[in-house]
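K.L.:
Got a structure for you, written out below as structure tokens; questions coming shortly.
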Amino acid sequence: MRGNESFRQRTSRGFNPASRAITALTGHANSGPLIHVSKSRYETWLIWAIGLVVTAGIAVINTSPHHRDIAATVIYVTLLLMAANVFTIRTVIGVSLLCMATIVVMFFVDHGYQDWDSFTSFVRCLTALSAIGFLAARAKQASDHLRQHQIYLTGAQCLSQTGSVTFSGVTELMAWSEESARIFEYPINIPVSKSMILARTPVEDHGLIHHVFNLAAQREPQIEIRHRLLMPDGRIKHIHMVATALFVQDDRVEYLGAVMDVTERMQAEEMLYRTQAQLTHMCRVTTLGELTASIAHEVNQPLTAVISSADGCRRWLDRPQPDIAEAIRGLQRINDNAHRASEVISRVRALARKSDPIRRPEPINEIVRESLALLQYEMAHNHIRSHLDLTAEDSWVSADRIQLQQVLINLLVNARQAMSGIEQKRRMLHVRTFVTPYEVIVEVADCGPGIAPDMLPSLFTPFFTTRESGMGMGLSICRSIIDSHDGKIWAQNNAGGASFFISLPTVRRPW
Ligand code: ADP
């Protein structure tokens, strides 16, 4: 069959999505055509047996004097119809020509032209046979076309792992293609029903299925759904269905939908997400490693204050007349500074911890201040003065605090590195926050050499770096974090260096 041949060609060797689909379907690669349309052995035997009977009938009739009457024509027609059902269009035309030739030959052999009755029955028989032969050939051609299209459609559904389904919201009657049955892992020849879909759907997702039928009953023009399937062996599959209203019949709308098995895609996305999260975490920890001196200083400062307050406290109590009030104030300072040190440690621990991002309303200025605090010593050590202009005082963003801190620390570390080559007295860092009607913008500006215009487009691309020891992942991770926060990040040269901007949509204050 031509359909089969073309499928074999299309599913040639090599790793491509098609061969993956075939592997998924058949269990192993290159295991032959996707669709088998040849008849079973018993069917072939039966056809040959009937063919023999009909041929024998023709032979018998040809020996009788009435072999051109109606009964004989019926036998020829039967043979023709059988050929149309079994053989190719060429054979059908061949069989019809052969039948006509037999009638013509028999007409002359029997000298039928000598008898008027015999002549008219010959003409009747020939006319009927040629008309039916023509119709049989046409029908055969049409059914061949239809069958071929059906095979292409089934094959395409197999390759793309996309089935089709029709359903109506009012009657809840359904029908589906072989591929849909395969996706839901039901036998392909049993009629589908809503209860069969529900049987394969985890209870928590049943509402989604009912919702689809409700939408269909309300004549929604387009319906889209993603839900899970729970297979009898405990496997989970992910399904994506998009359906559109196709036609209206007796006041009910019939929907046609495409059902896609997106399990592999979901798994790949999940894997990508995990890898990205790991990379983000790794980069965060690497940055923290670079900031050890700064962090140590941040912890050391309150600890020094704790020690001096404790000394003072002892002196107030050591007096002949102990000054209890001063000692209590000293204890309060110890308490405050110990808390400060502990807060720094918790912030660093939170940054180092590997956890799934959680977005909640956060005040943007607080995140900026916390990030700057971790780099305070670093900046001072590198003789960088900072100028803060945090006007977005009451602006809240929906963010994962740790991830946003990671972005800001990255930009601040980059600014520090950019200014390492310029004169100490010119090193100045500007950090601004300001609001526009729908968003808040954070700007980190330095007085470094700026960014070469031809590098601006590649700045946020993974592994783009101009630094010898750089990895080139910092800005690319910043972009993916800001993207996941529905924000934007961009860079531009300012009058005396580079400016990095982050814009984030603002949210309402939670109380
Ligand atoms: P890395 O710091 O490892 O190079 P990043 O992704 O953080 O990776 O930065 C990529 C590149 O962007 C840097 O190598 C540098 O060329 C450029 N860059 C980043 N920040 C600045 C800045 N403030 N001024 C000038 N160039 C910068």
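The values are calculated or read from the model by the stated rules, or taken from the named source; none is laboratory data. Keep in mind that what you see is a predicted model, and the values were worked out from it rather than measured. Here Cβ is always computed from backbone atoms with ideal geometry, including for glycine, and neighbour counts include all displayed protein chains. Just so you know, the surface numbers come from the protein's heavy atoms only, side chains and all, with ligands and any DNA or RNA stripped out. Shrake-Rupley method; radii C 1.70, N 1.55, O 1.52, S 1.80 Å.
K.L.:
What is the one condition in (1) within 16 Å of the ligand (Cβ to nearest atom); (2) open to solvent by less than 80 Å² (accessible area, probe 1.4 Å); (3) in a loop (DSSP other than H, G, I, E, B); (4) in contact with a Ser or Thr (Cβ under 8 Å, 6 or more places away or on another chain) that Val442 does not satisfy?
P.N.:
Looking at each condition in turn, Val442 falls short on (3).
K.L.:
Would you mind finding the one in Ser469, Ser476, Ser420 that is under 24 Å from Glu370 (Cα atoms), at pLDDT below 95 and surrounded by fewer than 14 Cβ atoms within 10 Å (Cβ to Cβ)? Steps first, please.
P.N.:
Working: Ser469 fails: under 24 Å from Glu370 (Cα atoms); Ser476 fails: surrounded by fewer than 14 Cβ atoms within 10 Å (Cβ to Cβ).
After applying the criteria, what remains is Ser420.
K.L.:
Return a yes/no flag: does the stretch 271-291 have any residue that is over 22 Å from the mean Cα position of the chain (by Cα) and outside any helix (DSSP H, G or I).
P.N.:
yes
K.L.:
Oh, and also: Name the residue that is nearest to the chain's Cα centre (by Cα), counting only residues in the stretch 231-265 that are modelled with pLDDT of 90 or more and open to solvent by 90 Å² or more (accessible area, probe 1.4 Å).
P.N.:
Out of the qualifying residues, it is Arg265.
K.L.:
Still on this model: In the stretch 448-472, which residues are within 6 Å of the ligand (Cβ to nearest atom) and touching a helix residue (DSSP H, G or I) at 6+ places or on another chain (Cβ under 6 Å)?
P.N.:
Those that are within 6 Å of the ligand (Cβ to nearest atom) and touching a helix residue (DSSP H, G or I) at 6+ places or on another chain (Cβ under 6 Å): Gly448, Leu459, Phe464.
K.L.:
A further question on this structure: Considering the stretch 308-331 alone, what residues qualify as being within 29 Å of Thr292 (Cα to Cα) and either surrounded by fewer than 12 Cβ atoms within 10 Å (Cβ to Cβ) or in contact with a strand residue (DSSP E or B) (Cβ under 7 Å, 6 or more places away or on another chain) (or both)?
P.N.:
Answer for the stretch 308-331, where residues must be within 29 Å of Thr292 (Cα to Cα) and either surrounded by fewer than 12 Cβ atoms within 10 Å (Cβ to Cβ) or in contact with a strand residue (DSSP E or B) (Cβ under 7 Å, 6 or more places away or on another chain) (or both): just Asp311.
K.L.:
Restricting to the stretch 483-496, count the residues that are under 15 Å from Val444 (Cβ atoms) and more than 13 Å from the ligand (Cβ to nearest atom).
P.N.:
Start the filter on the stretch 483-496 by keeping residues that are under 15 Å from Val444 (Cβ atoms), which leaves 487-494, 496.
Those still in the list that are more than 13 Å from the ligand (Cβ to nearest atom) too: 487-488.
Final tally of qualifying residues: 2.
K.L.:
Please work out if Glu370 is free of Cβ contacts under 8 Å to residues at least 40 places away in the same chain, open to solvent by 50 Å² or more (accessible area, probe 1.4 Å) and out of contact with any Gly (no Cβ under 6 Å at 6 or more places or on another chain).
P.N.:
Working: free of Cβ contacts under 8 Å to residues at least 40 places away in the same chain: yes; open to solvent by 50 Å² or more (accessible area, probe 1.4 Å): no; out of contact with any Gly (no Cβ under 6 Å at 6 or more places or on another chain): yes.
So Glu370 does not fit the description; no.
K.L.:
Inspect the stretch 184-192 for any residue being of a type in the set (Val, Ile, Thr), open to solvent by less than 20 Å² (accessible area, probe 1.4 Å) and under 19 Å from Val262 (Cβ atoms) and give the result as yes or no.
P.N.:
As a first pass, look at the stretch 184-192 and keep what is of a type in the set (Val, Ile, Thr): 188, 190, 192.
Now restrict to residues that are open to solvent by less than 20 Å² (accessible area, probe 1.4 Å): 192.
Then keep just the ones that are under 19 Å from Val262 (Cβ atoms); that gives none.
No.
K.L.:
Of all residues in the stretch 134-179, which are of a type in the set (A, V, I, L, M, F, W, C) and part of a helix (DSSP H, G or I)?
P.N.:
Taking the stretch 134-179 and keeping what is of a type in the set (A, V, I, L, M, F, W, C), we get 134-137, 139, 142, 146, 151, 153, 156, 158-159, 165, 167, 170, 173-176.
Phe134, Leu135, Ala136, Ala137, Ala139, Ala142, Leu146, Ile151, Leu153, Ala156, Cys158, Leu159 - these are the residues of the stretch 134-179 that are of a type in the set (A, V, I, L, M, F, W, C) and part of a helix (DSSP H, G or I).
K.L.:
Can you name the condition, by its number, that Arg138 falls short on among (1) more than 30 Å from Ser177 (Cβ to Cβ); (2) within 57 Å of the chain's Cα centre (by Cα)?
P.N.:
Every condition holds for Arg138 apart from (1).
K.L.:
In the stretch 193-204, what residues are more than 22 Å from Val248 (Cβ to Cβ) and either in a strand (DSSP E or B) or touching a residue at least 12 places away in the same chain (Cβ under 8 Å) (or both)?
P.N.:
Here is the first cut: in the stretch 193-204, the residues more than 22 Å from Val248 (Cβ to Cβ) are 193, 195-204.
Those that are more than 22 Å from Val248 (Cβ to Cβ) and either in a strand (DSSP E or B) or touching a residue at least 12 places away in the same chain (Cβ under 8 Å) (or both): Ser193, Met196, Ile197, Arg200, Thr201, Pro202.
K.L.:
Check whether at least one residue in the stretch 205-223 is open to solvent by less than 20 Å² (accessible area, probe 1.4 Å) and in a strand (DSSP E or B), and report yes or no.
P.N.:
Checked the stretch 205-223: at least one residue is open to solvent by less than 20 Å² (accessible area, probe 1.4 Å) and in a strand (DSSP E or B).
K.L.:
Could you say which residue among Ser503, Ser499 is in contact with a strand residue (DSSP E or B) (Cβ under 6 Å, 6 or more places away or on another chain), among the polar types (S, T, N, Q) and within 9 Å of the ligand (Cβ to nearest atom)?
P.N.:
Working: Ser503 fails: within 9 Å of the ligand (Cβ to nearest atom).
That would be Ser499, the only listed residue that is in contact with a strand residue (DSSP E or B) (Cβ under 6 Å, 6 or more places away or on another chain), among the polar types (S, T, N, Q) and within 9 Å of the ligand (Cβ to nearest atom).
K.L.:
If Ile489 passes every condition in (1) open to solvent by 50 Å² or more (accessible area, probe 1.4 Å); (2) closer than 23 Å to Thr280 by Cβ but one, which one does it miss?
P.N.:
It is condition (1) that Ile489 fails.
K.L.:
Quick check, is Met379 away from the ligand (no atom under 11 Å from the Cβ), modelled with pLDDT of 95 or more and either open to solvent by less than 70 Å² (accessible area, probe 1.4 Å) or within 20 Å of Ser499 (Cβ to Cβ) (or both)? Give the steps one after another, and end with the answer.
P.N.:
Numbers: away from the ligand (no atom under 11 Å from the Cβ): yes; modelled with pLDDT of 95 or more: no; either open to solvent by less than 70 Å² (accessible area, probe 1.4 Å) or within 20 Å of Ser499 (Cβ to Cβ) (or both): yes.
Criteria not met by Met379.
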